[in-house]
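Taking it in order: structure first as structure tokens, then the write-up.
The values are calculated or read from the model by the stated rules, or taken from the named source; none is laboratory data. Only a predicted model underlies this, so the values are computations on that prediction, with no experimental measurement involved. Keep in mind that these areas ignore ligands, DNA and RNA; they rest on the heavy atoms of the full protein, side chains included. Shrake-Rupley method; radii C 1.70, N 1.55, O 1.52, S 1.80 Å.
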Amino acid sequence: MNPNELRRKMVLALETEKRLLAEHKYIEALDARAEYRTYRRQLTGSWGDGELIPAREAKPA
């Protein structure tokens, strides 16, 4: 799937989540967020922010 298609699906998933939250359908909103995260992972190759934020180096004791 090309990057623009992934971005479009990410936007649709976020819009769906926002609509479901407004309708107080919280479980369905979580499903929409999971769908967004799946597309985000495909686009960026990472899950969450852990791989985007550089790890701090341990200070020598």
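Run the numbers for TYR26 and MET1: contour at 0.36 nm per residue of separation, minus the present Cα-Cα distance, in nm. Please list the in-between numbers first.
Values: separation 25, 0.36 × 25 = 9.00 nm, distance 2.89 nm.
Between TYR26 and MET1, full extension yields an extra 6.1 nm.
Atom-type composition of the exposed protein surface of segment 1-47 places 53 percent of the accessible area on carbon and sulfur (1.4 angstrom probe). With protein chains left intact and a 1.4 Å probe, residues in segment 5-49 average 72 Å² of accessible area per residue.
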